[in-house]
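The values are calculated or read from the model by the stated rules, or taken from the named source; none is laboratory data. Just so it is clear, the model here is predicted, and its values are computed rather than measured. Cβ coordinates were reconstructed from backbone atoms using ideal geometry, including for glycine residues, and neighbour counts include every protein chain displayed. For accessibility, only protein heavy atoms count, side chains too; no ligands or nucleic acids. Shrake-Rupley method; radii C 1.70, N 1.55, O 1.52, S 1.80 Å.
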Amino acid sequence: TQESIDLYSSVKNATVSIKGGEVISTSDSVLNVRGKSNIEVNITGGTLTSGGRTGVYISSYTEPSPINFNMTGGTLNFTGGASGAIQAYKGAIVTIGGDATITSTSYAIQAQENVKLIIEGGYITSSSTYTITAGDSAEVKITGGTIGNTANWGSPATIRLEESSKLSVSGGTLTSKKGS
């Protein structure tokens, strides 16, 4: 399939709740979240699997973003292209917590353009160069969880900051197979 679940840019006042089951995409995003106002995504269970360009794509066309993406359970498995398991833009608020699990053969999470990424728990791993990247004034706040990088080639890092992005760490565990 192409996008398995696709909230298109004209969507307003929408809520997506994934509590169980399995959603699969082999060609593109397993979940696209775009919209103009009041968009809420809550993942508390189930499995999302993507072998496409991006696992979950989040982007608003307005700022401040109307998108709140919360993953406090379930699993996101990404084995696709270079855009990663979660690619978030335009001020969206992305919260990862509980026992959520994100695994990726590319970036696990890319936070760009004023995105607020809050990691309160869960397990996030990548076997590529970077597990989390933040750029274009994105903010990353880590208070819990386990974030790891298992790449054994190149110069892997658990977190990479670019441009004027910010990082705050007050808890959790950060690991890298090569130690960076």
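Table for the structure above
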| read-out | value |
| --- | --- |
| Residue-wise HN-Hα coupling along the range 136-147, computed from phi with Karplus coefficients 6.51, -1.76, 1.60 (Hz; x: Gly, Pro) | 6, 6, 6, 10, 10, 10, 10, 10, x, x, 10, 10 |
| Residues with amide H under 5 Å from that of S60, placed H, sequence gap 5 or more | Y89, A92 |
| Shape parameters for the range 26-81, alpha-carbon atoms, Rg then Dmax in Å | 11.9, 32 |
| Relative pair counts by distance (%), Cα atoms of the range 94-135, 5 Å bins | 7, 24, 29, 26, 14, 1 |
| FRET efficiency, N13 to I118 (Cβ-Cβ, R0 25 Å, nearest 0.05) | 0.60 |
| Proportion of all alpha-carbon pairs of the range 1-97 beyond 21 Å (%) | 25 percent |
| Amide H contacts of S37 (H built 1.01 Å from N, under 5 Å, at least 5 apart or other chain) | N13 |
| Length-normalised contact order for the chain - Cα pairs under 8 Å, 6+ apart - percent | 14 percent |
| 1.4 Å probe accessible area per residue over the range 15-163, in Å² | 36 Å² |
| Largest to smallest principal axis extent of the C-alpha atoms in the chain, angstrom | 43, 32, 26 |
| Amide proton proximity set for T146, modelled H, under 5 Å, gap of 5+ | G122, Y123, I124, T173 |
| Total charge dipole magnitude, the chain, about the Cα centre, Cβ charges on Lys, Arg, Asp, Glu only, Debye to nearest 20 | 160 debye |
| Dipole magnitude of the range 1-98, debye to nearest 20 (Cβ charges: Lys/Arg +1, Asp/Glu -1, about Cα centre) | 160 debye |
| V23 accessible area, 1.4 Å probe, all protein chains in place, Å² to nearest 10 | 30 Å² |
| Within the range 49-83: backbone nitrogen closer than 14 Å to the E163 label point (7 Å, Cα to C-beta) | 60, 63 |
| Exposed-site-free run, longest, the chain (rule: chymotrypsin sites (Phe, Trp or Tyr not before Pro); DSSP loop; at most 13 other C-beta within 10 Å) | 62-152 |
